[in-house]
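The values are calculated or read from the model by the stated rules, or taken from the named source; none is laboratory data. Just so it is clear, the structure is predicted and the values come from calculations on it, not from any experiment. Note that each Cβ is placed from the backbone with ideal geometry, even for glycine, and that neighbours are counted across all protein chains shown.
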Amino acid sequence: MTILFLTLWLLLASLGVQADIDLDLSRLLIGSSAGGSGYRNIKIWQGLNDGTLQYNYSSPLGFGGGFDVPKKRAFARRDVQGWNTTLTMGTVTDNPPTKSTKRTYCFAQPLSHLDPTAPKTQFCQRYFINADYYKPGGPIYVFDAGEGPAENVAGYAWSQNPAFWAKKYNGLAIVLEHRYYGWSMPVPDLSTDNLRWLTVRESLEDSANFVRNWVPPAGLFNFTVDRTVLDPKNTPWFAVGCSYPGGRAAWLRTQYPDLFYAGLSSSGVTVAKAHFSEYWHAIQAYGPQPCVQCIQNAIQWVDDLLDQGGEAAQAIKTFFGLGELSRHADFAQVLGDPVWGWQGQVYYQKQAVRDVFCPYILKPRDPKSSNTITFGGKNVTLPDNVVNYADYIKTVTITAASCVGRIKYCYDNTDRSNLLRDDVTQWWRIWKWQTGLEFGYTQYTPETGPRVTSKYMTYDYMTEVCKAAYPPGKYFQLPSSPNVDSINAMGGYDIAYDRIAIVNGQADPWRYVTPAADFLPQRQSTILRPFYVIQNATHCWNLIQKPSEPQSIIDVNTFQDQFMDEWLNFWNQTKAGTGGAGGAGGAGGVGGSGDHGGAGGAGGAGGTGGTGSAGAAGGAGGAGGAGGAGGAGGTSGTTGTTGTTGTTGTTGAAGPGGAGGAGGAGGDGGAAGAGGVGGAGGVGGAGGAGGNGTIGGAGGVGGVGGAGGSGSTGGAGGGGGKGGAGGNNKPHRRAVV
């Protein structure tokens, strides 16, 4: 069933069809959920309100379960750094879209925008859209789903900040799935060669292509919306995301400023870093200090025993229930399990680290628990924190993973051959590929100093997966180290641009690869470049609202509303231009002897008002120019000889300030030529001088004021031409204009 739907979807995409497919995709799982949680829950640890702890084996990459892990259940989650160490976006599962509104749409994307050698095929990029509040011209919020299926974060478009903004400003909220994730799969397998089009640049081009060419699916609105209304020149598009998608929001704004009017980067990782031991600094700096010190002391005890090797190392592994593991690194990886959940803390429910693990290891030792190990013919008494830590690993970590009695099967990673499976059910390969190719983000433990994870969780150990999982292909191979320069060239720590908001949590371990890293000078926040660090918050807190919120969340939401209001007010104002003022009429010509002067040239017409943004009135037309003063009367004279009529002056060129040509001078007794009409915004030509015995030429008509551009002020109208000088010895007449 699953393959059938996937095949249908890919077929439609290959034909260039934007498909409207209404499915309950949460039931279309590939393989089996490793923890029975399906797609919905992407958190590894969830502290439940009753104080119990639920251990979910769905991936914190954002894609939940729904696949077979390589060879063994716990192995893939723990050993594939990037499962429980990657950029968890969080999820909104308490208010998911209802079946009536959860409609899945398809936008056809090319396999590659940048590789001329790639097959000319297309795939379906899936998206969800909430159009409940839309009015033409309203903003469009594109929430980037990032490293997981879009349904995991679809709730943001219905019940969290993107939805609230859409409602407030009559906009659209779209959740756009990332290439290779979820159902936006462009290739038949996840081999090295087929993963070569999974790059950040390709995925950014996907989003840009969507903005340029998206057409609302039939039936989305109950009114007609012309595609030109959705053009970025007429509608403000916002890139919104948190974590990896937060970095993408910033890059989309800087790389495509003509397409994205603004970006909101929540916990946005804009820096790629191969060696990322700083990840652990956050829990050490912002975690409950008695607990942090307790963890550090316990880890130091364990590492000291591992350093001794032999019986001492075996004794401590056995004490933790992991005696079957021969490699210290495999043992260290399991010990790190409880603290991986720090970044996933949220303010509205109990937390695995703060509310479960910390109280567990801080409590007095259970008298029934042994506190001694024996090696080298001696008994060694362990401190209570080590005993409690070991009890937690045995009763919570191993039990919840269904690994009791299967330690070697679950945690021994000596054999890497199972990592070579590359069918599309091996979804762990996707984000891992991105880290190996461009990002790095290896969260290893430094060898020196206080630490909350074992020093045996080394960089080399944590990068073994990339070396084993992606053998060189026929056309491509992973670099020996991630190409972090490809990411950092887009701004890195210094990324900045008007209308990019950078919001981070103070205690977020990912803050160290954002512009808000604590070793950087804190930026000055302005309306055009908002910058905010939420006190005591971790990852992506500013995109979620709940009925009961701490003051820090109330404050950041107020902050976001302020700059959102200002940005959209500015958009609306600049889309309503003002017409230019009409040009002043030309001065009347000086009368010849015995005649009236020529009439002043007509004032230029007011400029046309600029087109207003949707719903805004057009700019007012400029006032007409004042008529020129009449010329002085001439004195009497004798009738002149009939002369040749002067040539009409050439019409001035259109554009800003093209002057009309001057009228030709009349021969004796001939009428002078009329001044040329000024170009748009140009000055009318002067009337020709009258020959003796005739009237002066009419002054040229002033140019029409320039039309206001979209969001611009119209040009001023041109001045009227000067009236021609009157001829001698004719009755007083008024020059014709």
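I'd like to check something: does the stretch 249-257 contain any residue that is hydroxyl-bearing (Ser, Thr, Tyr), under 23 Å from Phe563 (Cα atoms) and part of a loop (DSSP other than H, G, I, E, B)?
yes
What number goes with the only condition from (1) in a loop (DSSP other than H, G, I, E, B); (2) out of contact with any helix residue (DSSP H, G or I) (no Cβ under 7 Å at 6 or more places or on another chain); (3) among the small types (Gly, Ala, Ser) that Ala166 does not pass?
For Ala166, the exception is condition (1).
Could you name every one of the helices (runs of 4 or more DSSP H) located completely within the stretch 347-413 that has at least 1 residues being of a type in the set (Val, Ile, Thr) and more than 17 Å from Leu325 (Cα to Cα)?
Output list reads 358-362, 384-392.
Give me the pairs: first residue in the stretch 528-540 and crowded, with 22+ Cβ neighbours inside 10 Å, second residue part of a loop (DSSP other than H, G, I, E, B) and of a type in the set (A, V, I, L, M), beta-carbon distance under 6 Å, and six or more apart or on different chains, which are they?
Between residues of the stretch 528-540 that are crowded, with 22+ Cβ neighbours inside 10 Å and residues that are part of a loop (DSSP other than H, G, I, E, B) and of a type in the set (A, V, I, L, M), the close pairs are Thr538/Ala507.
Could you tell me whether any residue of the stretch 569-583 is within 21 Å of Gly247 (Cα to Cα), modelled with pLDDT of 95 or more and not basic (Lys, Arg)?
No, the stretch 569-583 contains no residue that is within 21 Å of Gly247 (Cα to Cα), modelled with pLDDT of 95 or more and not basic (Lys, Arg).
Take the residues in the stretch 398-435 that are of a type in the set (S, T, N, Q) and at pLDDT 95 or above, then tell me which one is nearest to His328 (Cα to Cα).
Thr435
Hey, does the stretch 458-469 have a residue that's more than 21 Å from Gln562 (Cα to Cα), part of a loop (DSSP other than H, G, I, E, B) and assigned by TED's automatic domain parsing to the domain that holds Tyr347?
Scanning the stretch 458-469 turns up at least one residue that is more than 21 Å from Gln562 (Cα to Cα), part of a loop (DSSP other than H, G, I, E, B) and assigned by TED's automatic domain parsing to the domain that holds Tyr347.
Checking the conditions here, which among Gln349, Gln300, Gln284 is of a type outside the set (Ser, Thr, Tyr), within 19 Å of Arg511 (Cα to Cα) and surrounded by fewer than 21 Cβ atoms within 10 Å (Cβ to Cβ)?
Gln284
Mind checking which residues of the stretch 470-498 are outside any loop (DSSP other than H, G, I, E, B) and surrounded by fewer than 19 Cβ atoms within 10 Å (Cβ to Cβ)?
Answer for the stretch 470-498, where residues must be outside any loop (DSSP other than H, G, I, E, B) and surrounded by fewer than 19 Cβ atoms within 10 Å (Cβ to Cβ): Asp485, Ser486, Asn488, Gly492, Tyr493, Asp494.
Consider Asn418 against the criteria (1) in contact with a Pro (Cβ under 9 Å, 6 or more places away or on another chain); (2) in a loop (DSSP other than H, G, I, E, B): it satisfies all of them except one. Which criterion is unmet?
(2)
Say whether the condition of being within 13 Å of Leu190 (Cα to Cα) and of a type in the set (Val, Ile, Thr) is met by at least one residue in the stretch 431-443.
No, because not a single residue in the stretch 431-443 is within 13 Å of Leu190 (Cα to Cα) and of a type in the set (Val, Ile, Thr).
One line per residue, one yes/no per condition, for (1) among the β-branched types (Val, Ile, Thr); (2) surrounded by fewer than 17 Cβ atoms within 10 Å (Cβ to Cβ):
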site	(1), (2)
Phe221	no, yes
Thr224	yes, yes
Pro245	no, no
Arg253	no, no
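Name the residues in the stretch 511-547 that are closer than 24 Å to Val153 by Cβ, over 20 Å from the mean Cα position of the chain (by Cα) and of a type in the set (Phe, Trp, Tyr), would you?
Residues satisfying the conditions do not exist here.
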